[in-house]
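Peer 1: Quick one: this structure, given as structure tokens, is what I'll be asking you about.
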2 protein chains.
Amino acid sequence: MPGARDLPHPDAATLVLTDVLFALSDPSRLALVRRLAQGPLEVAACQPTGGEVPKSTLSHHLRTLREAGVVRNVPEGRQRYVSLRREDLDDRFPGLLDAVLGGNGE
Amino acid sequence: MPGARDLPHPDAATLVLTDVLFALSDPSRLALVRRLAQGPLEVAACQPTGGEVPKSTLSHHLRTLREAGVVRNVPEGRQRYVSLRREDLDDRFPGLLDAVLGGNGE
DNA sequence: CTGATCGTTCAACTATTATGGAACTATGCC
DNA sequence: GGCATAGTTCCATAATAGTTGAACGATCAG
């Protein structure tokens with residue numbers, strides 16, 4: 001089975017609120033989630049605008065978001081696409097994402 | 001001015017979203033916030049139901065919530081009342097508190 | 001004033017999280 | 001196959017957060 005590059009993702013039904021809140025409580029992760037709200041990005045494009053961050057650091061943040069169930073990370077050819085799990089989050093925690101994405105605060 | 005036992009509270013307008021999310025991302029703090037949604041409590045009543053926690057530990061959690069702007073802590077005679085800053089939070093982050101208090105997740 | 005009570009702050013320790021270099025895996029191109 | 005690319009994982013280190021006993025401050029009762 002060659003294409004076994006899939007990473008584990010929690011089921012929508014089992015998402016834990018405190019884990020989601022924690023994942024979103026970091027400014028750089030929150031900024032990324034806001035960008036992902038406008039559409040999927042490949043991992044390289046998840047770099048904070050302007051500054052460069054080591055790949056391992058970025059990967060760690062993506063992992064935190066993924067394990068909390070905030071983003072999905074799927075291989076696509078040689079790269080990976082990161083996308084917001086908007087429907088899953090809306091299903092399980094209605095209104096939360098909208099509130100977090102809504103204009104205010106950093 | 002004798003009754004100067006007031007603790008510092010951030011202004012409603014300056015609340016930082018990531019700080020609020022972080023304060024809510026701890027299960028015991030979130031559980032407390034849910035209880036506070038039903039009305040103010042004195043500090044001693046903020047103990048987790050069942051287990052006893054040292055006063056200093058409880059005080060530390062209250063501080064995290066207070067400094068994020070989630071709760072207000074006001075002296076009242078010999079004790080203190082802890083209350084949810086619901087209006088301030090709703091003003092600044094509309095829908096957030098409702099989403100977090102809403103049934104789902106732990 | 002003395003003592004008791006309520007709760008915060010301080011200081012020390014532990015545990016969790018963040019960071020980043022190096023090694024590794026998988027894919028695609030030649 | 002050989003090599004470059006994309007990104008994760010591993011490991012070590014630094015930084016941050018949680019936990020707790022003890023000291024402290026304020027208030028109230030007698």
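The values are calculated or read from the model by the stated rules, or taken from the named source; none is laboratory data. Note that this is a predicted model, so its numbers are computed, not measured. Every residue, glycine among them, receives a Cβ derived from its backbone with ideal geometry; neighbour counts consider all protein chains shown. When the accessible area is computed, the model is the full protein with side chains, heavy atoms only, and any ligands, DNA or RNA have been set aside. Shrake-Rupley method; radii C 1.70, N 1.55, O 1.52, S 1.80 Å.
Peer 1: First compute the accessible area of chain B with a 1.4 Å probe, then give the percent of it belonging to carbon and sulfur atoms.
Peer 2: Working: 3030 of 5870 Å².
Answer for chain B: carbon and sulfur cover 52 percent of the accessible area.
Peer 1: If I take every Cα pair under 8 Å that is 6 or more residues apart in chain A, average their sequence separation and divide by the length, what percent do I get for the relative contact order? Please list the in-between numbers first.
Peer 2: On the way: 103 pairs, mean separation 35.4, N = 106.
Contact order relative to length: 33 percent.
Peer 1: Something else now. What accessible area per residue, rounded to a whole number of Å², is obtained for chain B using a probe radius of 1.4 Å? Let's see the in-between values first.
Peer 2: Numbers: 5870 Å² over 106 residues.
Result: 55 Å² per residue.
Peer 1: Only protein chains counted, 1.4 angstrom probe. Which residues of segment A:85-106 are at least 40 Å² less accessible in the assembly than when their chain is isolated?
Peer 2: A:Arg92, A:Ala99, A:Asn104, A:Glu106
Peer 1: Given label points at 7 Å from Cα along Cα→Cβ, what nm distances, shortest first, separate B:Gly103 from the same residue in every other copy?
Peer 2: Distances between equivalent label points, in nm: 3.2.
Peer 1: Could you work out [θ]222 nm for the protein assembly as shown from helices alone, using -39500 (n - 2.57) per DSSP H run of at least four and dividing by all its residues? Round to the nearest 500 deg cm²/dmol. Walk me through the numbers before you get to the answer.
Peer 2: Working: 10 runs with 90 residues, N = 212.
Calculated mean residue ellipticity at 222 nm is -12000 deg cm²/dmol.
Peer 1: In nm, one decimal, shortest first: how far is the label point of B:Asp90 (7 Å from Cα along Cα to beta carbon) from the matching points in the other copies?
Peer 2: Distances between equivalent label points, in nm: 2.4.
Peer 1: If one takes the accessible area of chain B alone plus chain A alone and subtracts that of the pair, with a 1.4 Å probe, what total in Å², rounded to the nearest 100, results?
Peer 2: Numbers: alone 6730 and 6710 Å², together 11730 Å².
Looking at B and A, the buried total is near 1700 Å².
Peer 1: Something else: Copy-to-copy spacing for B:Arg35, label 7 Å out on the Cα-to-C-beta vector, in nm, shortest first?
Peer 2: Once sorted, the set of distances for B:Arg35 reads 4.2 nm.
Peer 1: Additional query: Do you know which residues of segment A:7-54 lose at least 50 square angstrom of accessible area in the protein assembly compared with their chain on its own, with a 1.4 angstrom probe?
Peer 2: Buried-area filter returns A:Leu17, A:Thr18, A:Leu21, A:Ser25.
Peer 1: What's the percent breakdown of Cα-Cα distances in the protein assembly as shown across 5 Å bins, shortest bin first?
Peer 2: 1, 7, 14, 17, 17, 14, 11, 8, 5, 3, 2, 1, 0, 0, 0, 0
Peer 1: A further question on this structure: For a Förster distance of 45 Å, can you work out the FRET efficiency between the beta-carbons of A:Arg5 and B:Glu42, rounded to the nearest 0.05? If you can, show how the numbers build up before the last one.
Peer 2: Values: r = 54 Å, r/R0 = 1.21.
Here the calculated transfer efficiency is 0.25.
Peer 1: In segment A:28-48, which residues have a backbone nitrogen under 17 Å from the label point lying 7 Å from A:Thr57's Cα in the Cα-to-Cβ direction?
Peer 2: Under cut-off, by backbone N: A:28-33, A:44-48.
Peer 1: Amide H to amide H, which residues 5 or more places from B:Tyr81 or on other chains are under 5 Å from it, using H placed in the peptide plane?
Peer 2: Here B:Val74, B:Glu76 satisfy the definition.
Peer 1: Give me the distance in nm between label points sitting 7 Å out from Cα along the Cα-to-Cβ direction at B:Glu67 and B:Glu87, one decimal.
Peer 2: So the two model labels end up 2.7 nm from each other.
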